[in-house]
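One structure below.
The values are calculated or read from the model by the stated rules, or taken from the named source; none is laboratory data. None of the values given here were measured: they were computed from a predicted structure. Because the Cβ atoms are built from the backbone with ideal geometry, glycine has one as well, and the counts that use them run over all protein chains shown. Ligands, DNA and RNA are excluded from the accessible area calculation, which covers all protein heavy atoms including side chains. Shrake-Rupley method; radii C 1.70, N 1.55, O 1.52, S 1.80 Å.
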Amino acid sequence: MALSKTASESDASLHVSTFASRYVRASLPRFQMPDCAIPKEAAYQIINDELMLDGNPRLNLASFVTTWMEPECDKLIMAAINKNYVDMDEYPVTTELQATRLFNAPLGESEAAIGVGTVGSSEAIMLAGLAFKRKWQHKRKAEASGGFIAPFLEPELEWDFRLPLVKSINVSGHKYGLVYPGIGWVIWRSKNDLPEDLIFHINYLGADQPTFTLNFSKGSSQVIAQYYQLIRLGFEGYKNIMENCRENMRVLKEGLEKTERFNIISKDTGVPLVAFSLKDNTRHNEFEVSDFLRRFGWIVPAYTMPPDAQHVTVLRVVIREDFSRTLAERLVADIGKVLHELDHLPGRLSGDLSVGVAAAPKKSALETQREITAVWRNTIGNMLAKVLNCSFLDADDFHPISNKEKMRQGIPLSEEDRIPWLETQRDVLKKNLEAGKTVILGCSALQKHYRDILRSADAAYKHGSFESSVQFVLLEAQAEVLAGRLEKRAAEGKHFMPATLLQSQLDLLQIDDAEGIHKVDATLNPQVIVSTIQAMLFSNTSH
């Protein structure tokens, strides 16, 4: 007799699409294992969708690490993904793929090179250092990302084992060795330069296997990938790729120079990269250029130089194999767009009030404060409202004449003055919410119960829960900056509270972390402030 059963509606196998299943309707725990299993298709789709939010590796110009290899090599990597590199007896062919005479080691025809594959150049230099420490000798060693550059672009440069004092060389296979992350090499001049007592011998896998690494088990795929690149490209291929990198470096450098806005810090020799800084960073700096470039997909790091030169900030672009001339020209064009956009924005805010404008008379502290407050008043609210396609309201416009008069006289407002003022704003917010509209309100709702009044504009709000359609953003700034805001608006006849009352306001400020208030540094560039607020609000609504 045949038995059958009715499949439950929750049976994942019945769903035509993963997106039609229940697994995409619930949030997965991030820091603990879920209680139940989910189908492999759903697990893949969920993780893949999250990884979509990562940057594009090809556009990550901060990294030296290889981000592209030929599809044929990708296949070899996947075919070897389950081979343990340390199991030399089981995978003898993989072991034999490691040797190379790229660095002019003084070996006889029948001698074998002495070296080891590592996870990267960091492990390689640690191993080289350990070997040197054990020998108790003060000798010279060579180390460089350029270990895969100099042999092809500058073969006459004697930096390797042709120098008698060079006892070891370590290189990154996953940088200009053109292999994906996870491979480095350290090579010793001779067997005598690697102390025997540092080598660990194992035989439980079938035969004596010497090993000298910090990581005992690791995949073999990167070793095979390195071998593929060496035999696939040969000396000529590597030379052509390095020449292309250097040529595209020059294209980028010349494009930046034509803008007449940057100083080029890097040299034309060595590792192909372009480091550059703004000639004038009084209004906008390198960090803002880096931030704005991310909107085009580019990841171009900005950072300060080491001690004694930390006043210098640079942007750096690493030129890799997959960075073509077309991409170099596109990057220059996008940098031009960023500069144009920054030129039409107010200068960045400064916490120490040291904002300046090129070729303009030096401003007093009060003038600078007023400039900052003008940005706050006329830029942030309106910019954010424009981005969110909504209205901007100023809470000061809701004060009754009696409140304004008290503040003009320097008299702090009482609770009896504030509560009706807040309730009026709440009613306006409520009307907008009921109409399905978004609105931005600039308000000094300093205390928790003041904000609770505004939250109650949401009819579903439960007092004390802090869960409301009304969200709060706090622009954090120093007291003197806020004082400048008041003085500026008072001078324009647009405010009625003297700066002398500011401290009474700050004394009222009350923040509870449980409220989930978004905090933004008010000394950032206005566009950065707006983008940050937008991201915060989107993140909050998406969860």
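Determine whether residue 468 is closer than 15 Å to residue 537 by Cβ and out of contact with any strand residue (DSSP E or B) (no Cβ under 6 Å at 6 or more places or on another chain).
Yes; evaluated as a whole, the condition is true for this residue.
Please specify each residue of region 64-84 satisfying the condition of being basic (Lys, Arg) and exposed (fewer than 14 other Cβ atoms within 10 Å of the Cβ).
Going residue by residue through region 64-84, those that are basic (Lys, Arg) are 75, 83.
Passing the criteria: only 75.
Of the residues in region 407-423, how many are touching a helix residue (DSSP H, G or I) at 6+ places or on another chain (Cβ under 7 Å) and open to solvent by 60 Å² or more (accessible area, probe 1.4 Å)?
2
Here's a check for you: in region 207-229, which residue that is within 22 Å of residue 58 (Cα to Cα) and out of contact with any Cys (no Cβ under 8 Å at 6 or more places or on another chain) is modelled with the lowest pLDDT?
The initial filter retains those residues of region 207-229 that are within 22 Å of residue 58 (Cα to Cα), namely 221-222, 225-226, 228-229.
The next check asks that each one be out of contact with any Cys (no Cβ under 8 Å at 6 or more places or on another chain); those that pass are 221-222, 226.
Numbers: 221: 76, 222: 79, 226: 81.
Filtering first and then ranking leaves 221.
Working only within region 270-282, note down all residues that are under 21 Å from residue 62 (Cβ atoms), in a loop (DSSP other than H, G, I, E, B) and touching a residue at least 40 places away in the same chain (Cβ under 8 Å). I'd like the intermediate steps shown before the answer.
Step one: list which residues in region 270-282 are under 21 Å from residue 62 (Cβ atoms), which gives 270-278, 281.
From the residues that got through so far, the ones that are in a loop (DSSP other than H, G, I, E, B) too are 270-272, 281.
Within region 270-282, 270, 271, 272 meet the criteria.
Identify, from the list 238, 180, 176, 204, the residue that is open to solvent by 30 Å² or more (accessible area, probe 1.4 Å) and at pLDDT 70 or above.
180
Being outside any helix (DSSP H, G or I) and farther than 21 Å from residue 245 by Cβ is the filter here, so list the residues in region 56-81 that pass it.
Initially, region 56-81 is screened for residues outside any helix (DSSP H, G or I), giving 56, 60-70, 80-81.
80, 81, listed by residue number.
Of the residues in region 292-313, how many are within 14 Å of residue 62 (Cα to Cα) and of a type in the set (Phe, Trp, Tyr)?
Number of matching residues: 2.
Taking the conditions exactly as written (at pLDDT 90 or above and over 27 Å from residue 528 (Cα atoms)), does residue 408 satisfy them or not? Full working, then the answer.
Values: at pLDDT 90 or above: no; over 27 Å from residue 528 (Cα atoms): yes.
It is false that residue 408 is at pLDDT 90 or above and over 27 Å from residue 528 (Cα atoms).
Consider region 183-198. How many of its residues are acidic (Asp, Glu) and open to solvent by less than 40 Å² (accessible area, probe 1.4 Å)? Show your work before the answer.
Let us first name the residues in region 183-198 that are acidic (Asp, Glu), namely 193, 196-197.
Retained after the next criterion (residues that are open to solvent by less than 40 Å² (accessible area, probe 1.4 Å)): 193.
Qualifying residue count for the region: 1.
In this structure, is residue 151 assigned to a helix (DSSP H, G or I) and at pLDDT 80 or above?
On the way: assigned to a helix (DSSP H, G or I): yes; at pLDDT 80 or above: yes.
It is true that residue 151 is assigned to a helix (DSSP H, G or I) and at pLDDT 80 or above.
Only one of (1) at pLDDT below 85; (2) of a type outside the set (Ser, Thr, Tyr); (3) open to solvent by less than 70 Å² (accessible area, probe 1.4 Å); (4) outside any helix (DSSP H, G or I) is not met by residue 310, so which one is it?
(3)
With 47, 81 as the choices, which residue is within 29 Å of residue 298 (Cα to Cα) and either of a type in the set (Ser, Thr, Tyr) or modelled with pLDDT under 75 (or both)? Before you say what the answer is, go through the steps one by one.
Numbers: 81 fails: within 29 Å of residue 298 (Cα to Cα).
Selected residue: 47, the only one of 47, 81 that is within 29 Å of residue 298 (Cα to Cα) and either of a type in the set (Ser, Thr, Tyr) or modelled with pLDDT under 75 (or both).
Looking only at region 226-235, which residues are within 14 Å of residue 73 (Cβ to Cβ), open to solvent by less than 70 Å² (accessible area, probe 1.4 Å) and free of Cβ contacts under 8 Å to residues at least 40 places away in the same chain?
Restricting attention to region 226-235, the residues satisfying the condition of being within 14 Å of residue 73 (Cβ to Cβ) are 226-233.
Keeping just the survivors that are open to solvent by less than 70 Å² (accessible area, probe 1.4 Å) gives 226, 228-230, 233.
Once the filter is applied, which keeps residues that are within 14 Å of residue 73 (Cβ to Cβ), open to solvent by less than 70 Å² (accessible area, probe 1.4 Å) and free of Cβ contacts under 8 Å to residues at least 40 places away in the same chain, region 226-235 yields nothing.
What helices (runs of 4 or more DSSP H), lying completely within region 440-537, carry at least 3 residues that are open to solvent by less than 60 Å² (accessible area, probe 1.4 Å), at pLDDT 85 or above and within 23 Å of residue 398 (Cβ to Cβ)? Reasoning before the result, please.
Numbers: elements: 448-455, 479-491, 502-508.
By residue number, 448-455.
Given the condition open to solvent by less than 60 Å² (accessible area, probe 1.4 Å), free of Cβ contacts under 8 Å to residues at least 24 places away in the same chain and not acidic (Asp, Glu), answer yes or no: does some residue in region 245-260 qualify? Even if it seems obvious, please write down each step before you answer.
Within region 245-260, the subset open to solvent by less than 60 Å² (accessible area, probe 1.4 Å) is 245-246, 248-249, 251-253, 255-256, 259.
Subsequent filtering for residues that are free of Cβ contacts under 8 Å to residues at least 24 places away in the same chain retains 253.
Narrowing further to those that are not acidic (Asp, Glu): 253.
Among the residues of region 245-260, at least one is open to solvent by less than 60 Å² (accessible area, probe 1.4 Å), free of Cβ contacts under 8 Å to residues at least 24 places away in the same chain and not acidic (Asp, Glu), which makes the answer yes.
Could you list, in sequence order, all residues of region 273-289 that are open to solvent by less than 60 Å² (accessible area, probe 1.4 Å) and either aromatic (Phe, Trp, Tyr) or closer than 13 Å to residue 303 by Cα (or both)?
Within region 273-289, 275, 276, 277, 278, 285, 286, 288, 289 qualify.
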